[in-house]
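Structure first, then comments.
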Amino acid sequence: MAEHLDTGREGEQLACRFLEELGLEVLHRNWRHARDEVDLIARTAREIVFVEVKTRRSDRSGQPFEAVGLAKRRKLLRAAEAYLAQHPSELDVRFDVVSIVLGPSGPRIEHLPEAFFNTPDGPQ
């Protein structure tokens with residue numbers, strides 16, 4: 001398997017455990033709709049949380065969360081809308097990013113709750 005896929009899978013596993021330790025319940029991993037995917041879908045007592053996980057082996061090329069640009073945000077929003085159409089909920093919605101660097105001294109995990117939000121002009 002390609003190394004970047006192994007890295008991504010390892011990061012998603014770490015992110016899952018990290019979010020569960022924060023008290024979130026992980027509902028789905030790698031949820032897909034058409035060509036869009038959400039790495040993790042979790043929930044709190046009040047929110048459905050759509051999570052993008054970005055994992056790198058080092059931060060030489062910048063922080064992993066910096067790779068979540070406008071195009072990726074739009075894809076996440078489309079996937080979230082599809083998910084909510086299939087799983088209606090009264091809970092609030094939020095979009096988080098979990099950024100992981102797998103350094104030699106162990107993983108460094110950074111959680112960005114409410115990393116972006118939806119506005120009438122698109123995701124910000």
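The values are calculated or read from the model by the stated rules, or taken from the named source; none is laboratory data. These figures come from a predicted structure and were not determined experimentally. Methodologically, a virtual Cβ is constructed for each residue, glycine included, from the backbone with ideal geometry; neighbour enumeration extends over all protein chains shown.
Pairing each residue of segment 41-67 that is farther than 15 Å from Tyr83 by Cα and touching a residue at least 24 places away in the same chain (Cβ under 8 Å) with any residue that is in a strand (DSSP E or B) and basic (Lys, Arg), provided the two are 6+ apart or on different chains, yields C-beta distances under 8 Å for Pro64/Lys54; Pro64/Arg56; Phe65/Lys54. Regarding Glu66, is this residue surrounded by fewer than 16 Cβ atoms within 10 Å (Cβ to Cβ), acidic (Asp, Glu), assigned to a helix (DSSP H, G or I) and at pLDDT below 90? In short, yes. Going through (1) under 20 Å from Thr44 (Cα atoms); (2) outside any strand (DSSP E or B) one by one, Val93 falls short only on (2).
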